[in-house]
Amino acid sequence: MTVTSQSPACPWLLLVFSLPAKRASERVEIWRKLQRYGTLPLRSSGYVLPNSAVNRERMEWLATAIRGYKGQASVVQAQVFDDLPGERLKQRFSRPELLTIKNYCTKPKKIVGLPPSRRPAGSLNRLRRRFLELQDIDFFGSPLRVRVESLLNRADQAKPTRGRKRKAGEYLNRVWITRPRPGN
């Protein structure tokens, strides 16, 4: 498989395919990969991505997988879509997958606002992983990306503290049970 660089005359890649209806698991697998790659589904049929070497390789790989599942697939370089001007098509790439970044603008604020000892375990790491996935398919640079990055960086810089300090009075007049050290 030969991958060429983006052609300025053809800024878009279009994947048109059909799979046998009996192969539901293969259809779901292809659909999930299309979602992960950030493709834009067209109403008439087919999926669009900006023309780049990485996207071309992804589309070719999907076409090969579809053919392996006894389906038909074509990857087409497209210059323009008559019902979608270039700017409108770029705007449509800021659709649900990338708009979920807005949700990640509020969650890190809430998490960063908590003291590090009270933050939910693993939530910051999950947010960071999801953000990196979205960053990979942010083809036209979402303005929210910078905000989310700064929030995640701020959360990393917050130093964890020990639990709250107890007052000496909380330890008075209590029954303490002691036991010998292990091994003694």
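Bear in mind that the values in this text are calculations on the coordinates, not laboratory data. Note that the structure is a prediction, hence the values are computed from the model and not measured. Here the Cβ is made from the backbone with ideal geometry for all residues, glycine too, and neighbour counts use every protein chain on show.
Packing order of peptides 139-148, 39-48, 76-85, highest average first: 39-48, 139-148, 76-85 (average count of other Cβ atoms within 10 Å over each peptide's residues). The slack between Ser52 and Glu87, meaning 0.36 nm per residue of separation minus the straight C-alpha distance, is 10.8 nm. Values of log10 I(q)/I(0) for the stretch 2-79 across q = 0.17, 0.23 Å⁻¹ run -0.61, -1.07, by the Debye formula with one identical scatterer at each alpha carbon and no solvent.
Applying 1/(1 + (r/R0)^6) with R0 = 22 Å to the Cβ-Cβ distance of Asn153 and Glu133 gives a FRET efficiency near 0.75.
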